[in-house]
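Here the structure is laid out as structure tokens; the discussion comes afterwards.
The values are calculated or read from the model by the stated rules, or taken from the named source; none is laboratory data. Here the structure is a predicted model, which means the values were calculated and not measured. Cβ atoms come from the backbone with ideal geometry, glycine included; neighbour counts cover every protein chain shown. For the accessible areas, the whole protein counts, side chains as well, though only heavy atoms, and no ligand, DNA or RNA atoms are used. Shrake-Rupley method; radii C 1.70, N 1.55, O 1.52, S 1.80 Å.
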Amino acid sequence: MSAEDLERYETDMELALYREYRDVVGLFSHVVETERRFYLANEVDVQVRTGGGETWFEVTMADAWVWDVYRPARFIKKARVITFKDVNVEELAKSDLQIPDGGSPFGK
């Protein structure tokens with residue numbers, strides 16, 4: 001496999017991951033960013049821990065999806081992440097677009 005083939009493969013994988021993200025983002029209520037990963041989750045708890053002169057964050061998530069191109073299964077029932085870096089948690093806004101009951105928003 002050439003370097004160009006490898007680059008094309010990685011680009012295709014990233015595009016597929018983005019499309020999956022776009023398809024599932026509406027299923028989740030929170031975005032969680034750590035220094036290593038990006039998650040979507042419906043339950044998030046962040047606890048600040050200290051010990052031995054250090055401070056770290058313990059992030060517990062349930063019903064989550066992880067942005068990781070190399071994982072074959074990105075949906076996670078429960079996850080616990082320990083990090084010494086910043087953690088960003090945001091609540092996602094619900095879309096204003098509502099599809100009416102009984103069909104397409106574009107008419108018949």
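General remarks:
- Within the accessible area of the chain (1.4 Å probe), percent carbon and sulfur: 51 percent
- Per-residue packing, averaged as other Cβ atoms within 10 Å, sorts the ranges 25-33, 75-83 into the order 25-33, 75-83, beginning with the highest.
- For the pair Arg71 and Asn42 in one chain, pulling the backbone fully straight at 0.36 nm per residue adds 8.4 nm over the alpha carbon distance.
- Pairwise Cα inverse-distance average, inverted: Kirkwood Rh of the chain (Å): 16.4 Å
- The calculated 222 nm mean residue ellipticity attributable to helices in the chain amounts to -7000 deg cm²/dmol, summing -39500 (n - 2.57) over DSSP H runs of n ≥ 4 and dividing by all residues.
- Near Asp12, once Lys and Arg are set to +1 and Asp and Glu to -1 for all other residues with Cβ below 11 Å from its Cβ, the sum equals -2.
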